[in-house]
Structures are given as C-alpha cells and as structure tokens.
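Visitor: Below you'll find the structure I mean.
The values are calculated or read from the model by the stated rules, or taken from the named source; none is laboratory data. The model shown is predicted, which means the values in this text are computed figures rather than measured ones. Virtual Cβ from ideal backbone geometry, glycine too; neighbours counted across all protein chains shown. For the accessible areas, the whole protein counts, side chains as well, though only heavy atoms, and no ligand, DNA or RNA atoms are used. Shrake-Rupley method; radii C 1.70, N 1.55, O 1.52, S 1.80 Å.
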Amino acid sequence: MPHTSDIIVIGGGIAGLSAAAELSRDASVMVLEAEEQIGFHSSGRSATMVHYALGDRLVRALTLASRAFFESPPDGFSEIPLGRRMPVLVHAREDEREALDALECDIIAFADLERLDARGVHELCPLLRDDAVHGIADRDGIRLDPHALLQGYLRMLRHAGDELVTAARVASVERRCGVWTVTVEGGASYSAPILVNAAGAWADKVASMAGAAPIGLQPLRRTIITFDAPPGTNLEDLPFAKTVGDQLYFASESGRLFASPMDEVPTEACDAQAEELEVALAAYRVEERTTIKVDRIHSRWAGLRTFTPDRNPAVGFAPDSDGFFWLAGQGGFGLQTSPAMARIAASLILHTVWPMKDLVARDLSPGRFLGQAA
Ligand SMILES: Cc1cc2nc3c(=O)[nH]c(=O)nc-3n(C[C@H](O)[C@H](O)[C@H](O)COP(=O)(O)OP(=O)(O)OC[C@H]3O[C@@H](n4cnc5c(N)ncnc54)[C@H](O)[C@@H]3O)c2cc1C
C-alpha cells in the first residue's frame, strides 16, 4: 500500500522545503527528494544574498515580503541567525551612469538607498578600480546562511509530524480517482490528492511525467570562484559589490573572496559543474573591475538558475491537470523569496487568506505560459 498524505511535495530544495513546512501547519505533507541530502542542487550553490538589484517589481515585492522572516524567524526555527547584514553596493563607470540611474528608480521603493560618488564608492569597497565612480548602496543587505534556512524549514516540517524522504527520485506519477500516486526508484509509492512540483530545473520533466503540459523552463548555469583577498583586506566590512550590468559580483566568503561573472549558460537539468571558460571569465572580470590579482583559484562551483519564459516564478495549480501545483522558476532569487513564496503556495493550496499586498495570484499563475487564464 502506498504511504498516504494530504500533499506530496517533489523536491527538497528551498522551494519544496519552505512550502512543505508552511503547508504542514494545516495538512499532512510528504517531501520526496532525489538526492541523499537536501539542498544538493541550486539551493546549496547560491550566492546567498538578499538584495533588490535583480528581477523586476514582482521579484522585489516577494523579496521585501520575505525579509521579516529572515530577520525574526518563528520561535525554535533556528538556533543560529539565518543571515548577517552585508551592505550591497551596485557600482558603475561613467559610461554606465544611465543604467545606474534607472536601477536606482526601480529599487528606491523597496530599500533605503544611498547614492554614492567616487569617494563613497571607494570608501565602501576599496578593492574597486578608480573607474568605478558612481554607486548606490543598500546598507541593509543580508547574506543568508542557506544551511540554517533549509534545516529550519526541515525542523518545522518534522515538528508538525511530517516527513522528508531522501534518495527518493520520483520515477512515475499517475492520477486515478482524484488521487496522485507517485512511485520512486526502488519501488516505494506515495499517494495524495495534491502534488506540489518543486523540482527546480527538473520541474518541466516532473510535469511531463504527470501528464501536465511543461511551461518552458530553462535552466541557466552560473559559476562561482573563490580566491584569496589581497593581504590586509578588511573582509568583515566588504559589501556584496555588483556591477550595474550583469558582469561581475563579488563578496567575502569564509576568509576569502568569491566572485561570479554572472554567466547564464543554457543547460539541461543536471548536476552542474563549473566549466573552464566561465572560471577564466570570472578571474578576468575580477581583474578588469577591481585591483585584485587572481593568482590562484581556491575553489569553483556552478549551479542552475531556472527561469520561466518571462523570468518570474510560476506558483499555482496547473490549469490542465487537477491537483497538480507548480512551484517553479525561482531563477536567481529562490532563497530570498522563499518565505513569501511558501506562504503564497500554502494560501493557494489550503484556500487561506492571500498573504501579499502588492501581488495577485494571476501574476504568478502557471496558466500564463499555457495560453489559459488562472
Ligand atoms: C550561482 C548561483 C547564485 C545564486 N544566488 C542567489 C542569491 O544570491 N539569492 C537568491 O535568493 N537566490 C540565488 N540563487 C538562486 C537560488 O539558488 C535558486 O532560485 C533556488 O535554490 C531554487 O530552489 P529550488 O528548490 O527550486 O531548486 P533546487 O534547490 O535545485 O531543488 C530542487 C530539488 O528537486 C529535486 N528533484 C528533481 N527531480 C526530482 C525527482 N524526479 N524526484 C525527487 N526529487 C527531484 C532535486 O534533486 C533538487 O534537490 C543562485 C543560484 C545560483 C546557481
């Protein structure tokens, strides 16, 4: 006999675990994760920032709505802080000034921004080259601890008496008489009337398994390198420093620096690996925009940022498949939006009060990719 619950969640990344934890307040939930550990794919490979310099109004609203959770999570959620303050500096050369002005106007409603001249930019980030002459700074950026966040949601789930099964790769999905039955490699099966698809880069594949139309998700690979900071660098005070265009970001990382060339290489869903070309590009861009010489790359990794066709997430019931719920397309903002997205998912599934002031369910509906209304 299959194990039964009210809801099955496929995916033990931040999307699946946060939604499962929210849902477990009022329903019985089973989370199935293919890998042996949670957060093995995108959720464990990110730059872990909470900031407003990416996405559009919708992503910024989801980020703003998530901040309070990171700053004061529910009692017992985590024994350690979910993150630490790290200023965010977006910097520009003279020829990039217009782009910085435009970004400032987009962000100003979401963060207390300081406009910086060349001196202010270099006071905040002495590692930048002299041609960084304009900047906007958000002193309230947060660098998250993804482990604390994932473990916190897992603790919340278990506290409610619900379960996560790892090494449980879903191999088949079928619906009969209003109930989904999900079978994992190895043969165990699980059933529930509602199936949440939080399978990250694999979410279109999971939809196909369930007979729902894919929504056109595209995983894009992004690379990170770590390397030594110049002797004497005060790592504690360094900001997360980002070019106004998508060329480079860097920040401190466990006694060193990390940087990404902000690459977006279209890829199949897979265990992403850093490729030589993007690793070299990362080092090149660090040397192009900062005074740092990257003598030795200490470590490298890559992860997938998976986008819908309009780069905003898909959260909602599939219009073409009863009881099939999409929670996908978190792109490069899945950690920083997870508390709000989890509450949205729970409200749509359990028919509870809509948790967002500035967004409506239609904004997130997966139906927008299938030519159907929400
Ligand atoms: C380099 C990089 C930098 C980033 N920086 C930031 C940042 O600064 N801030 C931010 O908020 N976000 C950032 N992100 C984005 C963020 O990491 C993602 O949006 C987020 O992790 C997506 O979470 P997820 O749960 O959807 O995906 P995942 O973490 O990939 O989880 C999906 C899970 O589904 C499982 N799965 C798939 N198929 C099956 C199956 N058939 N059966 C069972 N399980 C299955 C997978 O094993 C996986 O564990 C970054 C990402 C990268 C790669």
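Visitor: What residues have an amide H closer than 5 Å to that of A168, excluding those fewer than 5 places away on the same chain, when H is modeled at 1.01 Å from N in the peptide plane?
Guide: E33, A34, E35
Visitor: Also, I was wondering about something else. What is the helix-to-structure angle for 146-159, meaning the angle in degrees between its Cα long axis and the longest Cα principal axis of the chain, kept from 0 to 90 and rounded to the nearest 10?
Guide: Roughly 20 degrees between the two axes.
Visitor: Looking only at the chain, where both bridge partners belong to it, what percent of the DSSP beta bridges are antiparallel (to the nearest 5)?
Guide: That works out to approximately 70 percent antiparallel.
Visitor: On to the next question. Ignoring ligands, DNA and RNA, what percent of the accessible area of the chain is carbon or sulfur (1.4 Å)?
Guide: Answer for the chain: carbon and sulfur cover 50 percent of the accessible area.
Visitor: If you don't mind, another one. Are there any trypsin sites (Lys or Arg not before Pro) in the stretch 327-374 that are in a DSSP loop and have at most 11 other Cβ atoms within 10 Å? List them by number.
Guide: K357
Visitor: Now a separate question. Working from Cα positions, state the angle (0 to 90°, nearest 10) between the long axis of helix 14-23 and the longest principal axis of the chain.
Guide: 50 degrees
Visitor: For K293, which lysines qualify as cross-link partners when the Cα separation must be under 24 Å and same-chain residues fewer than eight apart are set aside?
Guide: K242
Visitor: Rolling a 1.4 Å sphere over the protein heavy atoms, what is the accessible area per residue of the stretch 1-89, to the nearest Å²?
Guide: Using a 1.4 Å probe on heavy atoms only, each residue of the stretch 1-89 averages 38 Å².
Visitor: Also: Relative to the longest principal axis of the C-alpha atoms of the chain, give the angle of the C-alpha long axis of helix 338-350, reported between 0 and 90° and rounded to the nearest 10°.
Guide: 20 degrees
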